[in-house]
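Enquirer: Have a look at the structure that comes next, please.
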Amino acid sequence: MDDTPDWLHHLHTLADQPPQTLRERLWLQATDAVIGSIESLLARHMEQADLPVRPRAGGWQVEGPPDAALAVIAHWLHEHGLGGAWRDELLAVTNEHDERQALIERAAVRPLGIATVAVHLVGHTGDGRVWVQQRAFDKATDPGQWDTLSGGMLSASETVASALHRETWEEAGLEVATMRNVRALGHQRVRRPVDGNGYMVERIEMFEGEVLPGIDPDNQDGEVEGFDCVPAGQLLDSLKAGVFTLEAALVHAHWLKRHGYL
């Protein structure tokens, strides 16, 4: 018998949604690897613009040297307002077996349905309270919503561990080494439409760690409006109220269940 609460079942449903419009597989011709998906109309526009995108049976393929071809596509998407905010940050492009095939600017991954990896850290106090952050109101995605203590995507040059350290410092001003009982909690997968023509495919690596008494988070990168430290029961009520990002809600729900609060 499934005893999952309705609100949590709804979150899992939101995290596993098909595309809103038909998407076709996207290959790299150089490696014959499927690297993502693309709306057929967008792909046709790219072909007509003489970008290195051509049709093939079952979808479309990116032709030529992978990194260079994907860079051309990323710039075109940016110039036409079809990608995310340009970050000058390269992410790994992988095949269906998570093997690296190429690199691409972060702004282009959603329109091309390219899989990403993120880390999220639940920072707790050891006595049933949890540190949470409110995202800055000028964030491109989910402005003003509540989030885990720290979280973000892995760049192409990072490991999961190094991304966890970087994000925790940038967003919370905390060194992971100063936290107690830092441990992995497994992963959560998200597949859902985003940003009009985009499709999010992401694996979230989840962690927890105890923030020691007398040490308060202090944002370093200007992307956090503020922090709060809330009892587990209050956190649970906030998750039900929908004030957290989908990804943060899923991570916090996993933590609450693991520790017997849910």
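Enquirer: With the chain treated as a Gaussian network of Cα nodes joined by springs under 10 Å, which of 167, 39, 79 yields the largest mean-square fluctuation?
Expert: 79
Enquirer: Just to confirm a number: summing +1 for Lys and Arg and -1 for Asp and Glu over residues other than residue 188 whose beta-carbon lies under 15 angstrom from that of residue 188, what do you get? Please report the intermediate quantities before stating the final value.
Expert: Values: positive: 189, 191, 192, 203, 257, 258; negative: 16, 147, 202, 205, 208, 247.
Neighbourhood net charge equals 0.
Enquirer: Give the residues of segment 201-234 whose amide nitrogen is closer than 18 Å to a point set 7 Å from the Cα of residue 98 in the direction of its Cβ.
Expert: 201-208
Enquirer: Using +1 on the beta carbon of Lys and Arg, -1 on that of Asp and Glu, and nothing else charged, what's the dipole of segment 1-109 about the Cα centre, debye to 20? Don't jump to the answer; show the numbers that get you there.
Expert: Numbers: 8 positive and 18 negative charges, 80 e Å.
Its charge dipole is roughly 380 debye.
Enquirer: Full extension from residue 22 to residue 170: what is 0.36 nm times the residue separation minus their Cα-Cα distance, to one decimal in nm?
Expert: 49.5 nm
Enquirer: Relative to the present Cα-Cα distance, how much length would full extension add between residue 12 and residue 88 at 0.36 nm per residue of separation? Numbers along the way, then the final one.
Expert: On the way: separation 76, 0.36 × 76 = 27.36 nm, distance 3.19 nm.
Using 0.36 nm per residue and subtracting the Cα-Cα distance, I get 24.2 nm.
Enquirer: Related question: Over the Cα atoms of the chain, what Rg and Dmax result, in angstrom?
Expert: 19.4, 60
Enquirer: Of 31, 159, 168, how do they rank once you tally other Cβ atoms within 10 Å and put the fewest first?
Expert: Numbers: 31 14, 159 10, 168 27.
With the sparsest Cβ surroundings first, the list reads 159, 31, 168.
Enquirer: Give the Debye-formula value of log10 I(q)/I(0) at each listed q (0.20 Å⁻¹), with one equal scatterer per alpha carbon of segment 23-108, two decimals each.
Expert: Cα-only, vacuum Debye calculation for segment 23-108: -0.90.
Enquirer: Tell me, what does the Kirkwood hydrodynamic radius of segment 116-258 come to in angstroms if you use every pair of distinct C-alpha atoms? Show your work: numbers first, answer last.
Expert: Working: mean 1/r = 0.0661 Å⁻¹.
So the Kirkwood estimate lands at 15.1 Å.
Enquirer: Per q in 0.29 1/Å, what log10 I(q)/I(0) does a Debye calculation on the alpha-carbon atoms of segment 177-218 return?
Expert: -0.97
Enquirer: Also: Taking +1 at the Cβ of each Lys and Arg and -1 at the Cβ of each Asp and Glu, which of 146, 227, 201 sits farthest along the dipole of segment 116-258 towards its positive end, judged by Cα position relative to the Cα centre?
Expert: Towards the positive end, the residue furthest out is 201.
Enquirer: Taking the Cα centre of segment 173-262 as origin, sum charge times position over the Cβ atoms of Lys and Arg (+1) and Asp and Glu (-1), and report the length of that vector in debye to the nearest 20.
Expert: Numbers: 9 positive and 14 negative charges, 146 e Å.
With Lys and Arg at +1 and Asp and Glu at -1, about 700 debye.
Enquirer: Kindly work out what percent of the DSSP beta bridges joining two residues of the chain are antiparallel, to the nearest 5. Could you put the intermediate results ahead of the total?
Expert: Values: 42 of 57 bridges.
Antiparallel bridges make up about 75 percent of those DSSP assigns within the chain.
Enquirer: Could you work out the helix-only [θ] at 222 nm for the chain, with each DSSP H run of four or more residues adding -39,500 (n - 2.57) and the total divided by the number of residues, to the nearest 500 deg cm²/dmol? Intermediate results must be reported in sequence, preceding the final value.
Expert: Numbers: 6 runs with 68 residues, N = 262.
Mean residue ellipticity, 222 nm, calculated: -8000 deg cm²/dmol.
Enquirer: Counting other C-beta atoms within 10 Å, which of 169, 27 has the fewest, and how do the rest follow? Please list the in-between numbers first.
Expert: Numbers: 169 15, 27 22.
Result, fewest neighbours first: 169, 27.
Enquirer: Could you work out how far the C-alpha centroid of segment 106-163 sits from that of segment 189-262, in angstrom?
Expert: So the two Cα centres are separated by 8 Å.
Enquirer: Here is a further query. Any idea what the dipole of the chain comes to, in debye rounded to 20, about its Cα centre with Lys/Arg Cβ at +1 and Asp/Glu Cβ at -1? Display every interim value, and only then the final one.
Expert: Numbers: 22 positive and 40 negative charges, 133 e Å.
Value, rounded to 20: 640 debye.
Enquirer: What do you get for the angle between helix 66-79 and the principal long axis of the chain? Use alpha-carbon atoms, 0 to 90 degrees, nearest ten.
Expert: Tilt of helix 66-79: around 80 degrees.
Enquirer: Using just the C-alpha positions of segment 103-144 as equal point scatterers, what log10 of I(q)/I(0) does the Debye formula give at each q in 0.17, 0.25 1/Å?
Expert: -0.74, -0.97
Enquirer: By how many degrees, 0 to 90 and rounded to 10, does the Cα axis of helix 246-258 deviate from the longest principal axis of the chain?
Expert: Compared with the principal axis, the helix lies near 40 degrees.
Enquirer: Using only Cα atoms and rounding to the nearest 10 degrees, what angle (0 to 90) does helix 160-172 make with the longest principal axis of the chain?
Expert: The angle comes out near 60 degrees.
Enquirer: Which translational diffusion coefficient, to the nearest whole µm²/s, is obtained for segment 185-254 from the Stokes-Einstein equation, given a Kirkwood hydrodynamic radius over C-alpha pairs, 37 °C and 0.692 mPa s?
Expert: Translational D for this selection: 226 µm²/s.
Enquirer: Average the reciprocal distances over every distinct pair of alpha-carbons in segment 72-179, invert the result, and give the Kirkwood radius in Å. Don't skip to the answer; put the middle values down first.
Expert: Numbers: mean 1/r = 0.0648 Å⁻¹.
One over the average 1/r among Cα pairs gives 15.4 Å for segment 72-179.
Enquirer: Name the residue from 27, 92, 113 whose Cα lies farthest towards the positive end of the charge dipole of the chain, charges +1 on Cβ of Lys and Arg and -1 on Cβ of Asp and Glu.
Expert: 27
No value in this document is a laboratory result; all are computed from the given coordinates. Worth saying up front: this structure is predicted, and the values here are computed from it rather than measured. No Cβ is skipped: glycine too gets one built from the backbone with ideal geometry, and neighbour counts run over all protein chains shown.
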